[in-house]
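Visitor: Sharing a structure, written as structure tokens. Questions coming.
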Amino acid sequence: MLQEVKPRVLVSLRGVGKTFAPGGEALAGVDLEVRAGEFVSLLGPSGCGKSTVLRLVAGLETASAGTISRGFDDVGAAVGFVFQEPTLMPWANVFDNVYLPLRLRGQTRAGAKTPVREALALVGLSGSAEAFPRELSGGMRMRVSIARALVLRPLLLLMDEPFAALDEMTRSRLNDDLLRLQAELGATVVFVTHSVFESVYLSSRIAVMGANPGRIIAEIEPAGGVERDERFRLSAAYARCCEKVSAALRGSGAGEASI
Amino acid sequence: MLQEVKPRVLVSLRGVGKTFAPGGEALAGVDLEVRAGEFVSLLGPSGCGKSTVLRLVAGLETASAGTISRGFDDVGAAVGFVFQEPTLMPWANVFDNVYLPLRLRGQTRAGAKTPVREALALVGLSGSAEAFPRELSGGMRMRVSIARALVLRPLLLLMDEPFAALDEMTRSRLNDDLLRLQAELGATVVFVTHSVFESVYLSSRIAVMGANPGRIIAEIEPAGGVERDERFRLSAAYARCCEKVSAALRGSGAGEASI
Amino acid sequence: MTPGERLSHWARLYGPPLLAFSAALAAWEAIVRINAIPPYVLPAPSLVAATLASDRAILLPALMTTLWTTIEALALAVIGGAGLAILFAQWKWVERSFLPFAIVLQVTPIIAIAPLLLIYLDASSAVLVCAFLVAFFPILSNTALGLASADKNLVDLFALYRASRWQTLTLLRLPAALPYFLGGLRIGGGLALIGAIAAELAAGASGKSAGLAFRIVEAGYRLNIPRMFAALTLVSLAGVAIFAALSALSAFIVGRGRGSGAQ
Amino acid sequence: MTPGERLSHWARLYGPPLLAFSAALAAWEAIVRINAIPPYVLPAPSLVAATLASDRAILLPALMTTLWTTIEALALAVIGGAGLAILFAQWKWVERSFLPFAIVLQVTPIIAIAPLLLIYLDASSAVLVCAFLVAFFPILSNTALGLASADKNLVDLFALYRASRWQTLTLLRLPAALPYFLGGLRIGGGLALIGAIAAELAAGASGKSAGLAFRIVEAGYRLNIPRMFAALTLVSLAGVAIFAALSALSAFIVGRGRGSGAQ
Amino acid sequence: LDKVTFATNWLAEAEHGGFYQAKADGTYKKYGLDVAILQGGPNANNKLLLATGKIDFNLGANLIQAFDAVKENVPIVAVAAMFQKDPFILMSHPGAGLDRLEDLPGATAFIGKDAFVSVFQWLKTAYGFKEENVKPYTFNSAPFIADAHAIQQGYATSEPFEIERQGGFRPNVFLIADHGYDSYSTTIETTQALIERNPGLVQRFVDASIIGWRNYIHGDNSGANALIKRDNPDIGDAQLAYSREKMKEFGIVDSGDSLTLGIGAMRDERVKSFFEKMTQAGLFKPDLDYRRAYTLQFVNKGVGLDLGRP
Ligand SMILES: Nc1ncnc2c1ncn2[C@@H]1O[C@H](COP(=O)(O)OP(=O)(O)OP(=O)(O)O)[C@@H](O)[C@H]1O
Ligand SMILES: Nc1ncnc2c1ncn2[C@@H]1O[C@H](COP(=O)(O)OP(=O)(O)OP(=O)(O)O)[C@@H](O)[C@H]1O
Ligand SMILES: [Mg+2]
Ligand SMILES: [Mg+2]
């Protein structure tokens, strides 16, 4: 008797709400389950609470309502987080910024050289290891932040619009690198983006969020088990899925204001 | 005898180079002319010097080589600048942040109410006038910054990836609003983006930049005189132009690094 | 919060310092009693408290004198320190010309020549000048640090919008400097008090209009060490009160502007 | 830079202060001469300079004594102030329990009870304690402000990566606090000096091992006002030198870490 | 009435009693003077106020400062010496092997800065005291009481009283004036300019003060004590009584020359002798024209002798 064995749940949000100031609900009734190995994208209008969900998952924020259970701390899984802003240490150069997570785990500088160099090469910053954050362009800073999240080869990756400040070519190359890495490591990714195409290309599941209050209004699973490559981008399934996500987004109340 | 009267040159860069630290050239030999009423987009790989060009145009940076002449100060034209980062005053609420340019011109708070409200409505933040920057999401902060640049109804608009942190629907709505405003005011726009589609949709001219050192490798003029609307987005001219820009970008050395 | 929660909140907040303080006092009392230390070497806290109560008619007016000097000195230090910092931030050449004077003024121990000052000024003015000189530099220094800390990108923005010097100051540099200034103010408050005491020691009036420093010296001269400690206790209490008041003021100001300082 | 450019650069940098200083000295000299002010009321700068030269055998050893106290007090203040700030940042309950003590220590004018300190300590230790107490609070206060100023997002990042308390301190909070600490250090340097002088006045030794304060008081008793001013000039010069040295140290430290502080 | 200001060197105390007496009983008024008494304090330098003309008369603690004034060209002149003996004392704990002046040089000595630069310099040459043993005395006797093997400076009229009360023992007292230290004390100082401009005024102030001192020591001094307590509320009646007692006992005000020449007496020989001792102690160069420091123009006239002695 063959039974589908579902991977274990890494994070589960049940009826989660978040209120920052009395009166204003940022999130309400958010249900989300992330299983090991999944690539979940969060998509939604600006200000709907995507970053907040990510921070709740990471435990950087406490929920005002509902329950959150995490299954990653007890397995000692490495977590990587790319914040929406680069969040670099201004007094440390690029190498030291990327070295940080390894350093916090007791890795020596010499031992960290190879992983840091690899991470920097991945984001195309091999030549800037000695530069300080204020000497970098906006996109370069964000790439340092990505390298820092990847240097641990984490099993859970939380990424908040990591590629928004990057040109399309770098972005699509990093998309492929990210998928490759995920496959290599069997990592789980929760990913925030504004690009429908990117989300469909990358995700095993897309959670479309709506605003006022922030909540999940649709979950869409792009064709599973299909190799992500140029061919997929040109496939009808891809186009259909993009259309479906866009339609869901249109219902979310994005872009509704006007002069 | 009919002669085409070219609009006057607002900004002209001739052989401009910029060196931040001895040895590393950020820009070299940049020639760029922006005429009144134009919508010029700068497109190029991350770190190629787009922001630097914008800062040079605004006079916030001095060129290390070449000459820059500006024609906007003497006409007293209002300038609006959207920096790549939101750059808000953390101690002031959204209203006061947007009010700032008016305040600096001696406008009273009462007199500024209408323009500030209009600018906030334009970016969909009417409800957040009283909020402080740290209470906003990343995209909302950027929208405040856009509202601040627009509130003066400036004749020269410098925008550094203003829409990168916004969802696609808000983004496309703001694209149209921006074009409408430009037409209304007869404004000139220099615009940095990573989106080929956006640049083709918006621009009268696209300057594609290459890296190492930063320079302009191609200037492309999307179909002129055509109404920018959904039909244009679906037109063959649009697709052709996008392809042309993408091809130019591929030659720019973007996304070349890899693990 | 329920009353119970509020109570436990307060207990958590004020419990440790109260406990630590009570423990310190108890230890002091015990040491004095067990070793039978004579009061002229170290009076027990109970004796100090009793003296405080019995000598209040002498000590309270002295406290008022000293407090008044302190407040005046602090006010002058705020005006002088913050004002100078602002001038310095506005014109580099002013800073280059006058910073050395400010440093000289700060490090010159006017207290040491207080007797000479008395040739030109009456005693209370001399004390005020000395106390002012001790308190003004931290405020100047911290405010200057704060004014220079304004976000570089915001400075660019203001330059772009052709903000006047004055506008850049009031709308950008001053708000950015506020937390630094308040830090300097908290330092300056305590310094104004010890400056006032030290200056009173050096140049203060005697007799009826005398401040606490004179009472301390006088008590020492008369070997009335319990009164000396009582006066000292008053000074400490005044200092803690000044610090608490300035901290509350800081919290209020920063709270009103919310998010001030860090984004 | 060509030599000519370098010269004009230096002239622009040091011209104004030198000019201002020379002008002040010239005005002082002129006022004294024109009004024929007797030297025991206000000696002319030329007389002070001459006295400085002629009395150097007496004044220089005293300067060394005072400077040594100042440096020791500053070193202790750095260790005590920064150390306490770090402890406070690590454990809130330590802060809540001991901040009141720190404030009490700062505002209690130990100088006023210096005579009692002499029961337990020798004169030079008593002076050191007093000078230390004047200098340590600005360093504590500014360092604490700096430790709390660490970027909230970076704090989150460290929390996420399960950084230990110690790691968060050394890798995040201390670098973020550096500019604040250095600001406190510059304030503390001057205060250590005037603290040392004030403490010497109150409790300092006399005779051969005496510091400048004693020389100033002695000159006052002996009505040798020019020497009093000469000693005072030495103190001021020492203060300016300390400030310049600490500023250079700040510039060096911040320069090495580049971008430290502001992004 | 001529308004004049007289500054003392310390907070009001019995050692200033004569001046308060003359004010309280109307002697000054009788001499056509309206005298304001300005208290000194631990750090006041009233001599400079006198030099700059802010006040008219000043109380000089001893002759050393008068010589200093000559040396520094400060035009101050001592015109009368109310104390024939300087009340400066050294004290030691009884029974600690410090019962003779000769025993003291080896002990830790609490000496104030002003005494250190004057009397103590002479004690070094005369008795072999050593600077290394000196600890600062800041008018607080607690460190001395706490250390049985220490000695401390003081005024015969003052410190022993509180030490006996608080410390519970009666200290050995050595009046240095009885061991060769022959400075006058509590001099009246004024400026050379005032002497030249209005010698009559100076004379009247000196005479009235002499009478005040005679009455304070030998007469009913309750009026003066009331004034002293008004200026310095912390001083007690017991202290005041003790001080007068000691002034009498040691002949501080009235002994030696004053018995014949009247209170305030000064003689050239004594000033000369003292100056030579100070020269030996290294305080002054022998060629200093110390005679400019004082004048005998206003004293030795037997003022007050007619009032007799009870
Ligand atoms: N202050 C500085 N000091 C040193 N180098 C700098 C400085 N500012 C920019 N640079 C360098 O100049 C180059 C161009 O930077 P710029 O910010 O203009 O890039 P950009 O095209 O805007 O990139 P992005 O798309 O990532 O924002 C980069 O290589 C950067 O490292
Ligand atoms: N610290 C805070 N205080 C008050 N309100 C907050 C705070 N942080 C976030 N919010 C509010 O919560 C809502 C969700 O914010 P969040 O940053 O999660 O949005 P987002 O979906 O990430 O938007 P974006 O795409 O613009 O980054 C916003 O309306 C914001 O104003
Ligand atoms: Mg977000
Ligand atoms: Mg840029």
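Visitor: A plus B alone minus the pair: what accessible area, both sides summed, probe 1.4 Å, in Å² to 100?
Guide: That pair of chains buries around 3000 Å² in total.
Visitor: What is the set of long-range amide H partners of A:G80 at a cut-off below 5 Å, with H atoms built 1.01 Å from backbone N?
Guide: HN-HN under 5 Å from A:G80: A:L156, A:L157, A:L158.
Visitor: Residues of the stretch E:67-93 losing 30 Å² or more of accessible area relative to the isolated chain, 1.4 Å probe, heavy atoms only?
Guide: Residues of the stretch E:67-93 that lose at least 30 Å² of accessible area once the other chains are added: E:D68, E:E72, E:V74.
Visitor: Still on this model: When ligands, DNA and RNA are left out and all protein chains stay put, how many square angstrom of accessible area per residue does chain C have with a 1.4 Å probe?
Guide: Value for chain C: 41 Å² per residue.
Visitor: Can you compute the FRET efficiency between E:R267 and C:S46 using 1/(1 + (r/R0)^6), with r the Cβ-Cβ distance and R0 = 51 Å? Round to the nearest 0.05.
Guide: That gives a FRET efficiency of 0.35.
Visitor: Right, next: Residues of the stretch E:191-230 with the amide nitrogen closer than 15 Å to a label point 7 Å from the Cα of E:D34, along Cα-to-Cβ, please.
Guide: none
Visitor: Considering chain E as a Gaussian network with a 10 Å cut-off on Cα pairs, which listed residue, E:V74, E:V253, E:V117, attains the greatest mean-square fluctuation?
Guide: E:V117
Visitor: Can you pull the mean other chain C-beta count within 10 Å for peptide B:80-93?
Guide: The mean count of partner-chain Cβ atoms within 10 Å per residue comes to 6.
Visitor: Right, something else. ³J(HN,Hα) across the stretch E:132-145 via Karplus (A = 6.51, B = -1.76, C = 1.60, θ = phi - 60°), whole Hz, x for Gly/Pro?
Guide: Taking θ as phi minus 60°, the curve returns 4, 7, 7, 10, x, 10, 10, 6, 9, 8, 4, x, 5, 4 Hz for the stretch E:132-145.
Visitor: Suppose only helical runs count, i.e. DSSP H with n ≥ 4. What mean residue ellipticity at 222 nm does that imply for chain D under -39500 (n - 2.57) per run, divided by all residues and rounded to the nearest 500 deg cm²/dmol?
Guide: When only DSSP H runs of four or more count, the value is -27000 deg cm²/dmol.
Visitor: OK, next. Just from its helices, what would the mean residue ellipticity at 222 nm be for chain E, if runs of 4 or more DSSP H residues each count -39500 (n - 2.57) and the sum is divided by every residue, rounded to the nearest 500 deg cm²/dmol?
Guide: Result for chain E: -10000 deg cm²/dmol, rounded to the nearest 500.
Visitor: Give me the percent of the accessible area of the stretch D:46-262 that comes from carbon and sulfur atoms, probe 1.4 Å, all protein chains in place.
Guide: 72
Visitor: What is the distance in Å between the Cα centres of the stretch A:138-204 and the stretch E:110-140?
Guide: 81
Visitor: So what are the ³J(HN,Hα) numbers for the stretch C:174-185, from phi and the Karplus equation (6.51, -1.76, 1.60; θ = phi - 60°), rounded to whole Hz, Gly and Pro as x?
Guide: Rounded to whole hertz, the list is 5, x, 5, 7, 3, x, 5, 4, 5, x, x, 5.
Visitor: I've got another one for you. Accessible area per residue, 1.4 Å probe, Å², for the stretch E:50-201: what's the number?
Guide: Spelled out: the 1.4 Å probe surface of the stretch E:50-201, per residue, equals 30 Å².
Visitor: Right, another one. Please compute the volume of the convex hull spanned by the alpha-carbon atoms of the stretch A:88-154 and report it per residue in Å³.
Guide: Spelled out: Cα convex hull of the stretch A:88-154, divided by residues, is 74 Å³.
Visitor: Starting from the Cα gyration tensor of the stretch A:108-250, take the square roots of the eigenvalues, sort them a ≥ b ≥ c, and report rounded, prolate or oblate (rounded when a/c is under 1.5, otherwise prolate if a/b is larger than b/c, else oblate).
Guide: prolate
Visitor: Mind checking which of E:G168, E:G154, E:G17 has the largest fluctuation in a GNM of chain E, springs on alpha carbons under 10 Å?
Guide: Judging by the Gaussian network model, the answer is E:G168.
Visitor: I've got another one for you. Using the Cα centre as the reference, give the magnitude of the dipole from point charges on the C-beta atoms of the protein assembly as shown (Lys, Arg: +1; Asp, Glu: -1; all else neutral), rounded to the nearest 20 debye.
Guide: Taking the Cα centre of the protein assembly as shown as origin, the dipole is about 1500 debye.
Visitor: Sort out the exposed loop GluC sites (Glu not before Pro) in chain B (DSSP loop, at most 14 other Cβ within 10 Å) and tell me the longest stretch that has none.
Guide: B:5-129
Visitor: Roughly how large is the E-D contact in terms of buried accessible area, totalled over both chains, probe 1.4 Å, nearest 100 Å²?
Guide: Its buried surface, counting both partners, is about 2300 Å².
Visitor: So, one more: Which of the listed residues, E:L63, C:T233, C:L67, is farthest toward the dipole's positive end in the protein assembly as shown, when Lys, Arg count +1 and Asp, Glu count -1 at the beta-carbon?
Guide: C:L67
Visitor: Filter the trypsin sites (Lys or Arg not before Pro) in the stretch E:56-128 down to the DSSP loop ones having no more than 14 other Cβ atoms within 10 Å, then list what survives.
Guide: E:R100
Visitor: For the pair A:R105/D:A245, report the inter-label distance in nm, with labels modelled 7 Å from Cα in the Cβ direction.
Guide: Each label point is offset 7 Å from its Cα along the Cβ direction, giving 4.6 nm.
Visitor: Which residues' amide hydrogens lie under 5 Å from the amide hydrogen of A:F20, considering only partners 5 or more residues apart or on another chain, with H built in the peptide plane?
Guide: Result for A:F20 returns A:A26.
Visitor: Rounded to the nearest 0.05, what FRET efficiency do B:E227 and D:T170 have when you use their Cβ-Cβ distance and R0 = 56 Å?
Guide: The computed FRET efficiency comes out at 0.40.
Visitor: Only counting protein heavy atoms at a 1.4 Å probe, give the residues of the stretch D:93-107, ordered by number, whose accessible area falls by 40 Å² or more when the other protein chains are present relative to the chain alone.
Guide: At a threshold of 40 Å² (probe 1.4 Å), the residues of the stretch D:93-107 that become less exposed are D:R96, D:S97, D:F101, D:I103, D:V104, D:Q106, D:V107.
Visitor: Also, quick follow-up: For the stretch B:10-33 and the stretch E:267-310, what is the separation of their Cα centres, given in Å?
Guide: Between the Cα centre of the stretch B:10-33 and that of the stretch E:267-310, the gap is 90 Å.
Visitor: With heavy atoms of protein chains only and a 1.4 Å probe, what residues of the stretch B:168-208 have at least 40 Å² less accessible area in the full set of chains than alone?
Guide: B:E168, B:M169, B:R173, B:H194
Visitor: In whole Å, what is the distance between the alpha-carbon centres of the stretch E:12-84 and the stretch D:36-75?
Guide: When both Cα centres are located, 30 Å separates them.
Visitor: Express in % the proportion of alpha carbon pairs of chain C at distances exceeding 33 Å.
Guide: 38
Visitor: Take the Cβ-Cβ distance between A:L234 and A:R153 as r, set R0 to 30 Å, and report the resulting FRET efficiency rounded to the nearest 0.05.
Guide: Here the calculated transfer efficiency is 0.45.
Visitor: Name the long-range amide H neighbours of B:F191: under 5 Å, sequence gap of 5 or more, or other chain; modelled H, no Pro or chain starts.
Guide: B:V40, B:S41, B:L42, B:M159
Visitor: Along the stretch B:128-136, what does the Karplus equation 6.51 cos²θ - 1.76 cosθ + 1.60 (θ = phi - 60°) give for ³J(HN,Hα), rounded to whole Hz, x for Gly and Pro?
Guide: 10, 4, 8, 6, 9, x, 6, 8, 9
Visitor: OK, next. Got a sec? Which residues in the stretch A:217-236 would a label at A:A247 touch, if it sits 7 Å along Cα→Cβ and we count backbone N under 14 Å?
Guide: Counting backbone N atoms under 14 Å from the label point, the list is A:218-221.
Visitor: Something else now. What value does chain E have for Rg/Rh, both radii from Cα atoms and Rh as Kirkwood defines it?
Guide: 0.95
Visitor: What does the C-alpha gyration tensor say about the overall shape of the protein assembly as shown? Classify as rounded when a/c is under 1.5, otherwise prolate if a/b is larger than b/c, or oblate.
Guide: prolate
Visitor: Same structure, new question: Quick check: from the Cα gyration tensor, does chain B come out rounded (a/c under 1.5), prolate or oblate?
Guide: Cα axes put chain B in the rounded bin.
Visitor: A further question on this structure: Within the protein assembly as shown, what percent of beta bridges assigned by DSSP are antiparallel, to the nearest 5?
Guide: Of all bridge pairs located within the protein assembly as shown, approximately 50 percent are antiparallel.
Visitor: Using just the helices of chain B, give the 222 nm mean residue ellipticity in deg cm²/dmol: DSSP H runs with n ≥ 4 each add -39,500 (n - 2.57), and the total is spread over all residues, rounded to 500.
Guide: -11000 deg cm²/dmol
Visitor: Loop only per DSSP, at most 14 neighbouring Cβ atoms within 10 Å: give me the chymotrypsin sites (Phe, Trp or Tyr not before Pro) in the stretch C:70-102, ordered by residue number.
Guide: Loop-located and lightly packed - C:W91.
Visitor: So which residue, out of C:L178, C:L25, C:L223, gets the largest mean-square fluctuation from a GNM of chain C using Cα contacts under 10 Å as springs?
Guide: Looking only at C:L178, C:L25, C:L223, the biggest GNM fluctuation is shown by C:L25.
Visitor: Using a 1.4 Å probe and counting only protein heavy atoms, how much accessible surface gets buried when D and C come together, both sides summed, in Å² to the nearest 100?
Guide: Answer for the D-C pair: about 4900 Å² buried.
The values are calculated or read from the model by the stated rules, or taken from the named source; none is laboratory data. Since the model is a prediction, treat every value here as computed from it, not as a measurement. Here Cβ is always computed from backbone atoms with ideal geometry, including for glycine, and neighbour counts include all displayed protein chains. The area values use the complete protein model at the heavy-atom level, side chains included, leaving out ligands, DNA and RNA. Shrake-Rupley method; radii C 1.70, N 1.55, O 1.52, S 1.80 Å.
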